[in-house]
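K.L.:
Let me give you the structure first, and then I'll get to my questions.
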Amino acid sequence: MSEQIAPTRTPVFEARLKKRYAAEKRFRTMGLGAIVFSITVLLYLLGTMTLNGIGGFQRAEVAVPIDFTQAGISADPAVMDSSGAMQSLEDQGLPQVVQYFADEALGEEGAAQIGGQAWRDVAAAIAADPGIVERQETFWLPASANLASGYEGEGSQEMQALAASLAAEGKLEKNFDVGFFSRADATNPQQVGIWGALKGSILTMIVTLALAFPIGVLAALYLEEYAPKNKWTDVIELSINNLAAVPSIIFGLLGLAVFLTVFPNFRSAPLIGGMTLALMTMPVIVIAGRNAIKAVPPSIRDGALAVGASPVQVVFHHVLPLALPGILTGTIIGMARALGETAPLLMIGMRAFVASPPDDFTSPATVLPMQIFLWSDEIDRGFVERTSAAIIVLLLFLLVMNGLAIYLRNKFEKKW
Amino acid sequence: MVTVVHENLESTEAKMSARDVSVFYGDKKAIDNVSIDIPTEYVTAFIGPSGCGKSTFLRSLNRMNDTIPSARVEGEITLDGEDIYSPKLDVVQLRARVGMVFQKPNPFPKSIYENVAYGPKIHGFAEGKDELDAIVEKSLRRAGLWEEVKERLQDSGTALSGGQQQRLCIARAIAVDPEVILMDEPCSALDPIATAKIEELIDELNGRYAIVIVTHSMQQAARVSQRTAFFHLGKMVEYGRTSDIFTNPIEQRTQDYITGRYG
Amino acid sequence: MSLTLLLLLALGLGLAGWLAARARAWSFRRASPNGRLASLPTYHAWYVALWIILPVLIFVGIWSAIAPGLITQAVLTAPAADQLPAFGFQRQTILNEARAVATGAAQGVFNPLAREFVEPYREAIGRYNWIGVIVTLAIAFLGGVYAFLRLKPDFAARNRVEKIVMAILLGASLVAILTTLGIFVSLVFETIRFFGMVNPIDFLFGLHWGPDPMSNAENPDSSRYGAIPLFWGTLFIGAIIAMIVAIPLGLMSAIYLTQYANPKFRAWVKPALEILAGVPTVVYGYFAALTIAPAIRDFAISLGASSASSESALAAGLVMGVMIIPFVSSMADDSIAAVPQAMRDGSLAMGATTNETIRRVLVPAALPGIVAGVMLAISRAIGETMIVVMAASTAANLSANPLDSMTTVTVQIVAMLTGEGSFDHPATLSAFALGFVLFLVTLGLNFIALRVVKRFREAYE
């Protein structure tokens, strides 16, 4: 009587099982590999930007001691407080004074490598503290782009030699460039700043938020709470779902064809940019808002209706406050996307060279991602670092916004 | 088939009355031709197996069915002789007069105080904080909850136990001083002790408000109500004094249900 | 500036109306026998405030759109208007300069002619500002008085206010339709103008793309407007190269995260993938142009491909693929999660290994959702602009070699609209035709994908 061996206990089966486990392991490793790849790319990207960007927050500066007691420049505090300070100092020959002391300190060859606008830094210092004109003071003034790249070991042989000799004398060094956060765009990488673009971004985002948030929330409330089930509602839902997926550049075409036709004077103004981005952000807020509203349990609505609240009261007293964290999370994510958006703004002329921060919603402006795009097109080596620095600033903003969204989501996740 | 209404009911003033009421969900008829008078001074219980339509009928008494888009009501329901489905009638006002307590306690995720004060606030019943405080205290006292929560009125209503939450919902309902209170299986989510407390409370509220309670527990119906209506498959089969329904039912189906043949 | 002023004025008047109406309602309430009104005093207040603010807002909206035109017209009646160039760029520049000085935005003028217009501008702006303020006040007053006179103890203010609120809610949701309509109409309008100059057949099926914005606009050379190379470049970069990267990596990430990873790992990796998705496209573009493209070119040259371009389709496609990974991953994640647990249990209970269950049961069951996700990913990839603008080329090549330079629809839209051409030139208008094609294709992909997802969800509910 031979005993029948169960098919699952034969050596063949076990050999096969071994193979199956090997396949399992391979598959699992592939999955992990996919994730590791993505994370590696992310880290590599962030790493490249950081390495490049650190240099972007610094600039090469030359030490120029200025003895004002010889210069005979007067700084009347009353004049220095007014907007005419620059003009007054220029009329008194401050540029020549700065040039003279630069010649003294660096020799003619070296003085030629001070940026032409360097005297403005000195003037700003005088305006801030008129007492300086009574003393001797050493200023660190921005080096020319050529000298700066010479310091980096690039560019012409003479510049590299000059940079090396100045650096050896301690007259040329790379310093943290505070002004990067207070200046606007310029043609010289030594003179550029991020504040102009940042302010443009802030103004644009204010417009976007002011339009997209109320419209998005109200539309979400209508669709989720009141809309009758009919053709019109279907059309509204369909448009919102499609708008959420329309390429951003199409919104730029809309802005160009409609907004700029209605407001031709506001080309490249934050107002128009904000309006265009609002149309793009609104569907994101509507969709997030609807999900948040859907998550509010119906029993809350019943409870309020049963004590005689009207449908509008039910929504504004109960549903909206409960859905708000979810709506805010969606809004922040939508705003973060709008903050990083470039293509539609390219269409409506926000790619102009804007050398001073915008004053208000209607003055020409650029935004952070656009500044990155514009600088990335520049050939000068100095701009590579500045571009990466701008990217770091942009990414930090996005990180903070996304962090806030994740925090809100975790904090208010389903309380009932 | 006609509803059997016991003949020994003394004629009382009807707070609400329904005449030939049918409720549809889309094409489906959930309630078929129900006529009933709800007396002012008694507790009326609706009993019947699950899905018999008793909750549907209850919800049509304060038009909570309006919130379901496909629901449609035919026939006439009156409150003090006024048609509650008349276009002239303000549904908000109706619900202030006919309050409701739900199967699952549903306090608002706000403070205990805010839960009770909400109704009086939106209806403008209180002028100033003192009056509002007084209404909140009175309502919580009537709901038998005051002693337990008076020290922590600012705590969230959702932090209370299930039974306390349900009494909070009852306090919330009586804060707007309704004439009728509808209760939709108010104890089905509660443990026996909490249930006993709610039943006690219903007893105390009896007489002050017309109360209609839907329950799947026949014992509960027997304990708290004076009138009972038996629903089956969307129809009201029998209506009479609670004691008669449970001891001398006329219809065979009522007999079968209360003796536990189905349900 | 005057816009802000008008808005503040409207809000101020609204507040005044609000307070007045509330006081009135309280006086009703004190006078009434039972101390009750049909509606709370707050609703009376809001009723009046809305009757003030809404008409004013509508007026301000219209006014801010038409006032600049009226001002310009008024300025053109100035005597110096005869000396203005009749048309075009210069005329506009002179007027803009004068306006900038008049509003204080600029200190002086470059063009002496502009000086003649500063005073007329200042005068016209001042006059129209006054008109705006006066009309605002009048509208606010009329609306406020009308609403205020209707207040009575039994006035159903709440119902009225709620009706207005509902109208506002409906209006807000109509913005979506208006936007869709706006996109559609403006694209169609400009596309029709374009097709008036260039034969649609040549555009859709022509093999050569090389519009010259400086050429004679009256008589465009239709044969230079063949968009096939653009369509091919778009598909090759967005739908082929990018998807070869994104689909396997995204799908495998999703599978690992949902089926293998422990919760702690998942809690860290998911946000990291979200960061990858949140990196702005301009950063990816810079990354592609700065790092990936030169690396690929050097690599290709070291392999002996002498013609390798530094603006290769491969570089743009690869980076775009990386950008899309989190998107594919989260769509696949959702689809796999929607497959009922029972199906997975059934397979495991027969002794299948995890990966057999995934490959034979879960992925086939989730396939419709995954396919829909891939369609959405493609639609996103072909509409992506910045990566290709920065890393791909503007030269239209019809080639299957990923190392060649290629251009895409979005690159050409940007190139045509940021170039020097005038707005009436077919080269500029071609951007709208390209945009319209892009819009229709992405719309179609989304529409189908959403339907597939919906049906897929319903099947498992």
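The values are calculated or read from the model by the stated rules, or taken from the named source; none is laboratory data. Just so you know, these numbers come straight off a predicted model, no measurement behind them. Cβ coordinates were reconstructed from backbone atoms using ideal geometry, including for glycine residues, and neighbour counts include every protein chain displayed. Just so you know, the surface numbers come from the protein's heavy atoms only, side chains and all, with ligands and any DNA or RNA stripped out. Shrake-Rupley method; radii C 1.70, N 1.55, O 1.52, S 1.80 Å.
K.L.:
Looking at the stretch C:149-192, which residues lose a minimum of 50 Å² of accessible area between their chain alone and all protein chains in place, measuring with a 1.4 Å probe and not counting ligands or nucleic acids?
P.N.:
With the partner chains in place, the stretch C:149-192 has these residues losing at least 50 Å²: C:ARG158, C:GLU162, C:MET166, C:LEU169, C:ALA172, C:SER173, C:ALA176, C:ILE177, C:THR179, C:ILE183.
K.L.:
Using just the C-alpha positions of the stretch C:268-339 as equal point scatterers, what log10 of I(q)/I(0) does the Debye formula give at each q in 0.17, 0.21, 0.24, 0.28 1/Å?
P.N.:
Each listed q corresponds, in turn, to -0.70, -0.86, -0.99, -1.17.
K.L.:
Ordered by residue, what ³J(HN,Hα) values in Hz, to whole numbers, does the stretch B:75-92 give under the Karplus form 6.51 cos²θ - 1.76 cosθ + 1.60, where θ = phi - 60° and Gly and Pro are x?
P.N.:
With coefficients 6.51, -1.76 and 1.60, one gets x, 10, 10, 10, 10, 6, x, 9, 5, 7, 9, 5, x, 6, 7, 7, 5, 5 Hz.
K.L.:
Sticking with this one: Counting only protein heavy atoms, what percent of the accessible surface of the stretch C:222-459 is carbon or sulfur at a 1.4 Å probe?
P.N.:
Carbon plus sulfur share of accessible area: 64 percent.
K.L.:
Okay, moving on. Nearest 100 Å² is fine: what is the total accessible surface buried where chains B and A meet, probe 1.4 Å? List each step's numbers first, then the result.
P.N.:
On the way: alone 12090 and 22650 Å², together 33210 Å².
In total, this chain pair buries about 1500 Å².
K.L.:
Expressed as an acute angle from 0 to 90° and rounded to the nearest 10, what is the orientation of the C-alpha long axis of helix A:270-294 relative to the principal long axis of chain A?
P.N.:
For helix A:270-294, the angle is close to 30 degrees.
K.L.:
Can you tell me the convex hull volume per residue for chain A, based on C-alpha atoms, in Å³ to the nearest whole number?
P.N.:
Working: hull volume 115.5 nm³, N = 416.
Cα convex hull per residue, to the nearest whole number: 278 Å³.
K.L.:
Here's something else I'd like to know. Highest mean first, what order results for A:201-207, A:379-385 on Cβ atoms within 10 Å?
P.N.:
Details: A:201-207: 22.1, A:379-385: 18.1.
Per-residue mean Cβ counts within 10 Å order the peptides as A:201-207, A:379-385.
K.L.:
Quick one: P(r) of chain C from all Cα-Cα pairs, 20 Å bins, percents rounded to integers, in order of increasing distance.
P.N.:
Computed distribution, short to long bins: 17, 33, 35, 14, 1.
K.L.:
Tell me, rounded to the nearest percent, the portion of alpha carbon pairs in the stretch C:362-461 spaced more than 18 Å apart.
P.N.:
On the way: 2952 of 4950 pairs.
That tail contains 60 percent of the Cα-Cα pairs.
K.L.:
Still on this structure, please answer the following. What per residue convex hull volume, in Å³, do the alpha-carbon atoms of the stretch B:82-151 yield? Before the final figure, lay out each step's value.
P.N.:
Numbers: hull volume 9.1 nm³, N = 70.
Output value, Cα hull per residue: 131 Å³.
K.L.:
Which residues' amide hydrogens lie under 5 Å from the amide hydrogen of B:SER111, considering only partners 5 or more residues apart or on another chain, with H built in the peptide plane?
P.N.:
It is B:GLY157, by chain and number.
K.L.:
Mind pulling up the Rg/Rh value for the stretch B:1-106? Radius of gyration and Kirkwood radius, both on Cα.
P.N.:
Result for the stretch B:1-106 is an Rg/Rh of 0.94.
K.L.:
Below 8 Å between Cα atoms, with a sequence gap of 6+, how large is the relative contact order for chain C in percent?
P.N.:
Once normalised by length, the contact order is 16 percent.
K.L.:
Rounded to whole Å, give me the distance from the Cα center of the stretch A:1-32 to that of the stretch A:57-80.
P.N.:
About 83 Å separates the Cα centre of the stretch A:1-32 from the one of the stretch A:57-80.
K.L.:
For chain B, report the % of Cα-Cα distances exceeding 29 Å. Before the final figure, lay out the partial values.
P.N.:
Details: 10553 of 34453 pairs.
That fraction is 31 percent.
K.L.:
Still on this structure: Within 10 Å, at most 10 other Cβ atoms, and a DSSP state outside H, G, I, E, B define an exposed site. Report the longest part of chain B free of exposed GluC sites (Glu not before Pro).
P.N.:
Details: sites that count: B:GLU7, B:GLU10, B:GLU13, B:GLU151.
Longest site-free region, per DSSP loop and neighbour criteria: B:14-150.
K.L.:
Sorted from largest to smallest, which semi-axis lengths in Å does the alpha carbon gyration tensor of the stretch A:58-176 give for its equivalent ellipsoid, taking the root of 5 times each eigenvalue? All intermediate terms of the calculation are to be shown ahead of the outcome.
P.N.:
Working: eigenvalues 160, 34, 27 Å².
Each semi-axis is √(5λ); the values are 28, 13, 12 Å.
K.L.:
Go from 0 up to the bin containing the longest alpha carbon distance in the stretch A:7-54, width 10 Å each, and give me the % of pairs per bin.
P.N.:
Result returned by the calculation: 24, 23, 19, 15, 11, 7, 2.
K.L.:
Right, next: Of A:PRO297, A:PHE251, A:PRO357, whose Cα points farthest to the positive end of the dipole of the stretch A:195-411 (charges on the beta-carbon: +1 Lys, Arg; -1 Asp, Glu; origin at the Cα centre)?
P.N.:
Of the options given, the answer is A:PRO297.
K.L.:
Distance check, please: which entries in B:LYS15/B:LYS150; B:LYS138/B:LYS197; A:LYS411/C:LYS454; A:LYS294/C:LYS270; B:LYS28/B:LYS54; B:LYS88/B:LYS138 exceed 22 angstrom between their Cα atoms?
P.N.:
Working: B:LYS15/B:LYS150 34 Å; B:LYS138/B:LYS197 18 Å; A:LYS411/C:LYS454 31 Å; A:LYS294/C:LYS270 24 Å; B:LYS28/B:LYS54 15 Å; B:LYS88/B:LYS138 33 Å.
Beyond 22 Å: B:LYS15/B:LYS150; A:LYS411/C:LYS454; A:LYS294/C:LYS270; B:LYS88/B:LYS138.
K.L.:
So how tilted is helix A:231-243 from the main axis of chain A? Cα-based, degrees 0 to 90, rounded to 10.
P.N.:
50
K.L.:
Express the relative contact order of the stretch B:13-258 as a whole percentage, based on alpha carbon pairs under 8 Å and six or more residues apart in sequence.
P.N.:
Numbers: 480 pairs, mean separation 68.7, N = 246.
It rounds to 28 percent for the stretch B:13-258.
K.L.:
Next question, about the same structure. Out of all Cα-Cα pairs in the protein assembly as shown, roughly what percent, to the nearest whole number, are more than 51 Å apart?
P.N.:
Numbers: 278147 of 649230 pairs.
In whole percent, the share of Cα-Cα pairs in the protein assembly as shown beyond 51 Å is 43.
K.L.:
Separate question: How much of the accessible area of the stretch A:7-54, probe 1.4 Å, is carbon plus sulfur, in whole percent?
P.N.:
Numbers: 2310 of 3310 Å².
Here it works out to 70 percent.
K.L.:
If you don't mind, there's one more thing I want to ask. Helix B:112-123 sits at what angle to the longest principal axis of chain B, using alpha carbons and giving 0 to 90 degrees rounded to 10?
P.N.:
70
K.L.:
Count, for each residue of C:377-386, the Cβ atoms from other chains sitting within 10 Å of its Cβ, then give me the mean as a whole number.
P.N.:
On the way: counts 0, 0, 3, 3, 1, 1, 7, 4, 11, 11.
Neighbouring Cβ atoms belonging to other protein chains average 4 per residue here.
K.L.:
Given only helices, namely DSSP H runs of n ≥ 4 each adding -39500 (n - 2.57), what is the per-residue ellipticity at 222 nm of the protein assembly as shown, to the nearest 500 deg cm²/dmol?
P.N.:
Details: 45 runs with 676 residues, N = 1140.
Calculated at 222 nm, the ellipticity per residue is -19500 deg cm²/dmol.
K.L.:
Over the alpha-carbon set of the stretch B:1-44, work out the extent along each principal axis and list the three values in angstrom, largest first.
P.N.:
38, 22, 15
K.L.:
Please compute P(r) over all alpha-carbon pairs of the stretch A:50-121, binned at 5 Å starting from zero, and give each bin as a whole-number percent.
P.N.:
Cα pair-distance distribution for the stretch A:50-121, in percent: 3, 14, 21, 19, 15, 13, 9, 5, 2, 0.
K.L.:
So what's the stretch C:222-459 giving for Cα Rg divided by 2.2 N^0.38 Å, two decimals? Please report the intermediate quantities before stating the final value.
P.N.:
Values: Rg = 20.3 Å, N = 238, 2.2 N^0.38 = 17.6 Å.
The value comes to 1.15.
K.L.:
State the three equivalent ellipsoid semi-axes of the stretch A:118-238, derived from the C-alpha gyration tensor as the square roots of 5 times its eigenvalues, in descending order and whole Å.
P.N.:
Values for the stretch A:118-238, descending: 55, 21, 9 Å.
K.L.:
Report, to one decimal in Å, the Kirkwood hydrodynamic radius for the stretch C:2-155 based on all distinct Cα pairs. Before the final figure, lay out the partial values.
P.N.:
Numbers: mean 1/r = 0.0549 Å⁻¹.
Averaging 1/r across every pair of different Cα atoms and inverting gives 18.2 Å.
K.L.:
Per q in 0.19, 0.23, 0.29 Å⁻¹, report the Debye log10 I(q)/I(0) for the stretch C:111-176, using one uniform scatterer on each alpha carbon and no solvent.
P.N.:
The Debye formula, applied to the Cα set alone, gives -0.89, -0.99, -1.09.
K.L.:
With a 1.4 Å probe and every protein chain left in place, work out the accessible area per residue of the protein assembly as shown in Å², rounded to a whole number.
P.N.:
Details: 50970 Å² over 1140 residues.
For the protein assembly as shown, the solvent-accessible area averages 45 Å² per residue.
K.L.:
Next question. Chain pair A, C: how much accessible area is buried, both chains summed, with a 1.4 Å probe, in Å² to 100? Please report the intermediate quantities before stating the final value.
P.N.:
Values: alone 22650 and 25080 Å², together 40960 Å².
Buried area (both sides, nearest 100 Å²): 6800 Å².
K.L.:
Long-range amide H contacts for B:PHE231: which residues qualify at under 5 Å (H placed 1.01 Å from N, peptide plane, sequence gap of 5 or more or a different chain)?
P.N.:
B:ILE47, B:GLY48, B:VAL237
K.L.:
Just the number: Rg to Rh for the stretch C:287-396, Cα atoms, Kirkwood Rh, two decimals.
P.N.:
Working: Rg = 19.7 Å, Rh = 16.5 Å.
Rg/Rh for the stretch C:287-396 comes to 1.19.
K.L.:
Once the principal axes of the Cα atoms of the stretch A:211-300 are found, what is the range along each, listed largest first in whole angstroms?
P.N.:
52, 25, 20
K.L.:
Give me a comma-separated list of calculated 3J(HN,Hα) values for the stretch C:293-306, in order, Karplus coefficients 6.51, -1.76, 1.60 applied at θ = phi - 60°, integers in Hz, x for any Gly or Pro.
P.N.:
Each residue's phi maps through the Karplus curve to give 4, x, 4, 5, 4, 4, 4, 5, 5, 5, 7, x, 7, 6 Hz.
K.L.:
Tell me, what are the semi-axes, in whole angstrom and largest first, of the equivalent ellipsoid of the stretch A:251-388 as set by the roots of 5 times the Cα gyration tensor eigenvalues? The partial results should precede the final answer.
P.N.:
Working: eigenvalues 342, 61, 26 Å².
Largest first, the stretch A:251-388 gives 41, 17, 11 Å.
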